[in-house]
Amino acid sequence: MANYKHLFFDLDRTLWDFESNSIDTFRDIFAKHQLDKIFPDFDTFINVYKRHNEELWAKYRTGEIKKDTLRTDRFLLTLKEFGVDDFDLAQKIGDDYITISPTKSRVFPHTHDVLDYLKQKGYKMHIITNGFNEVQFVKLRNCDLEKYFDNVITSENAGYQKPRKEVFHYAVSSVNAKKETCLMIGDDPDTDMLGAKNYGIDQVFFNTCKSNISFNPTYSIDCLSELRDLL
Ligand SMILES: [Mg+2]
């Protein structure tokens, strides 16, 4: 076991239960905007939205589109697929999503007790996230997670998105750490795991989405409680 001092956590789908929190948010939005008049049912709305959202995030990550376009177009395209070409409504839903979702506070099992344990053991803990500043800080506050983390590195602050090496370099140098004392804990095989590996820091793959990974990460876990055995 290497002598780790700095633990870098991803936030969405690693600590913050993105899927459950999103579904809760969309139930609020579906009712508020009476989307049952447009979509046959809630699940159809979600499935069509997810497809557009994933495609647009891929474009956002490569810099092909800007944040505002991502935020509105994922709803505009979802509405259009059901015959509603309403930019205004798409923008309202987009704004509501950004406002409501970070107020949802479901985290994965053992989040708080594992972070308490790691904090007590003296690890320096930080967040590295591709999410947006105004959303991620609200999430951390609402879930009472702020107290655990010394630094929150967002891709907006770093100027690059994970898996770019520049983000990891920005993170590691902003906490004055040596690479060999750092460990990246995340759910995404590419942005978190491959990104960290390519930059040269060890990885813990938290396989929340049962994703396939193209290489052997340093460690793999199925539950956050397993971090107690590793660290
Ligand atoms: Mg994630």
Exercise for the section: For residues that are within 13 Å of the chain's Cα centre (by Cα) and at pLDDT below 95, scanning just the stretch 192-223, find the one that is surrounded by the fewest Cβ atoms within 10 Å (Cβ to Cβ). Expected result: Cys209
Problem - the stretch 60-100 - residue that is out of contact with any Asp or Glu (no Cβ under 8 Å at 6 or more places or on another chain) and small (Gly, Ala, Ser) and, of those, surrounded by the most Cβ atoms within 10 Å (Cβ to Cβ) - result: Gly94
Fill in the blank from the handout: Restricting attention to the stretch 158-183, the residues that are surrounded by 15 or more Cβ atoms within 10 Å (Cβ to Cβ), among the polar types (S, T, N, Q) and not in a loop (DSSP other than H, G, I, E, B) number exactly 1
Exercise for the section: Could you list all residues from the stretch 140-157 that are assigned to a helix (DSSP H, G or I) and under 13 Å from the mean Cα position of the chain (by Cα)? Expected result: Leu140, Ser155
Fill in the blank from the handout: When Thr99 is run through (1) outside the structural domain of Leu11 (by TED's automatic domain parsing); (2) farther than 22 Å from Val48 by Cα, the failure sits at (2)
Exercise for the section: Report yes if some residue within the stretch 118-131 is assigned to a helix (DSSP H, G or I), without any contact (Cβ under 8 Å) to a residue 60 or more places away in the chain and surrounded by 18 or more Cβ atoms within 10 Å (Cβ to Cβ); otherwise report no. Expected result: no
Handout entry: Selection count where residues are without any contact (Cβ under 8 Å) to a residue 60 or more places away in the chain, under 23 Å from Glu19 (Cα atoms) and out of contact with any Leu (no Cβ under 7 Å at 6 or more places or on another chain), scope the stretch 79-99
Key = 7
Fill in the blank from the handout: Those residues of the stretch 162-189 which are closer than 20 Å to Arg61 by Cα and acidic (Asp, Glu) amount to Glu166, Asp187, Asp188
Exercise for the section: Check the stretch 4-12 and report whether any residue there is hydroxyl-bearing (Ser, Thr, Tyr), away from the ligand (no atom under 16 Å from the Cβ), surrounded by 14 or more Cβ atoms within 10 Å (Cβ to Cβ) and closer than 30 Å to Asn176 by Cα. Expected result: yes
Practice task
Kindly indicate whether any position in the stretch 22-30 is within 16 Å of the ligand (Cβ to nearest atom) and either part of a helix (DSSP H, G or I) or surrounded by fewer than 15 Cβ atoms within 10 Å (Cβ to Cβ) (or both).
Solution key: yes
Completion exercise
Residue pairs within 7 Å by beta carbon, gap of at least six or interchain, first lying in the stretch 201-218 and more than 22 Å from His6 (Cβ to Cβ), second in a strand (DSSP E or B), listed first then second, are Asn207/Ser220; Ile213/Phe205
Completion exercise
When every residue in the stretch 122-134 that is closer than 22 Å to Thr103 by Cβ and touching a strand residue (DSSP E or B) at 6+ places or on another chain (Cβ under 9 Å) is compared, the one farthest from the ligand (Cβ to nearest atom) is Asn133
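The values are calculated or read from the model by the stated rules, or taken from the named source; none is laboratory data. If you're wondering where the values come from, they're calculated on a predicted model, not measured in any experiment. Here Cβ is always computed from backbone atoms with ideal geometry, including for glycine, and neighbour counts include all displayed protein chains.
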